Amino acid sequence: MTTYPAATIEAFRSISTASVSDALQALGVHGHVPSTIRLLAGEKVVGPALTVKEGPSTESVPPSHALDAIEGAEPGGVMVIDLGGEPDVAAWGGLMTAGAVAKGLEGVVLDTCARDLTEIRRDFPGFTVFARGTSPATTVGRFATISAGEPVELDGVEVRQGDLVVADADGVVVIPAEHVDATLAGALEIEEREREQTRLILSSGSLAEGLAAYNRI
């Protein structure tokens with residue numbers, strides 16, 4: 001698994017996904033995932049992606065690639081599971097969460113649904129789940145895992161193994177590994193300018209003055 005310096009991870013924890021998305025956009029890269037994939041449990045998550053792809057299948061088999069990815073994971077990763085936006089099954093639940101927590105994973109982002117949300121929120125409050133929604137239906141007999149560690153998509157946004165996932169209440173941003181340092185520098189600058197702009201708006205009593213001075217909204 002791709003790893004990033006602890007200082008980089010902590011820096012991204014302190015920055016909103018809005019600033020991260022804007023910094024990535026300034027580099028000419030589209031990284032924000034559509035709001036169809038939203039926060040269902042937990043809080044902010046930052047970590048390298050561990051990718052799994054699933055596809056339609058009538059075989060009643062367990063999601064072996066996902067289970068193996070969890071079992072072999074190092075702490076700090078974020079599972080990313082692509083079912084092509086399937087709205088009627090759950091690719092994640094309580095048992096997989098228990099396994100992920102045992103391995104020190106930070107969370108999961110699903111281009112499909114999750115289940116066992118009551119259990120996850122109660123028993124694993126520090127684990128983060130982003131998904132399209134909830135469904136009680138299993139993937140077994142409907143979908144099967146195809147690959148792990150290969151590029152996947154989250155509602156049109158490509159995610160490669162090791163890309164950095166930054167996600168909070170505003171949504172999910174995927175930063176290509178080669179753009180992590182530049183994105184961090186740009187996002188930190190945006191955050192500092194917004195703090196200065198906020199102070200000006202408050203001290204001047206004028207939103208218009210703050211916008212004119214910093215040309216940012």
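The values are calculated or read from the model by the stated rules, or taken from the named source; none is laboratory data. Since the model is a prediction, treat every value here as computed from it, not as a measurement. For neighbour counting, all protein chains shown are included, and Cβ atoms are generated from backbone atoms with ideal geometry for every residue, glycine included.
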Practice problem: Report yes if some residue within the stretch 160-181 is part of a helix (DSSP H, G or I), of a type in the set (A, V, I, L, M) and modelled with pLDDT under 95; otherwise report no. | Solution: no
Practice problem: Quick one: which residue in A213, A182, A177 is in contact (Cβ under 8 Å) with a residue 40 or more places away in the chain, surrounded by 12 or more Cβ atoms within 10 Å (Cβ to Cβ) and farther than 21 Å from E106 by Cα? | Solution: A182
Quiz item: Only one residue in E10, E86 is out of contact with any Gly (no Cβ under 9 Å at 6 or more places or on another chain), buried (at least 19 other Cβ atoms within 10 Å of the Cβ) and charged (D, E, K, R). Which one?
Solution: E86
Quiz item: Can you name every residue in the stretch 15-34 that is crowded, with 20+ Cβ neighbours inside 10 Å, more than 14 Å from the chain's Cα centre (by Cα) and within 12 Å of A182 (Cβ to Cβ)?
Solution: A23, L24
Quiz prompt | Scope the stretch 138-155; condition more than 10 Å from D111 (Cα to Cα), outside any strand (DSSP E or B) and either in contact with a strand residue (DSSP E or B) (Cβ under 6 Å, 6 or more places away or on another chain) or of a type outside the set (A, V, I, L, M, F, W, C) (or both); matching residues | solution = T139, G141, R142, G149, E150, P151
Quiz item: Is there any pair linking a residue in the stretch 2-24 that is of a type in the set (K, R) to one that is surrounded by 16 or more Cβ atoms within 10 Å (Cβ to Cβ), with Cβ under 7 Å and at least six apart or on different chains, and which?
Solution: R13/K44; R13/V46
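Residue-by-condition table, conditions (1) under 27 Å from I9 (Cα atoms); (2) part of a helix (DSSP H, G or I):
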{"residue": "T58", "(1), (2)": "no, no"}
{"residue": "P87", "(1), (2)": "no, no"}
{"residue": "V109", "(1), (2)": "yes, no"}
{"residue": "R122", "(1), (2)": "yes, yes"}
Quiz prompt | Odd one out for T118, checked against (1) modelled with pLDDT of 95 or more; (2) of a type in the set (V, I, T); (3) crowded, with 20+ Cβ neighbours inside 10 Å | solution = (3)
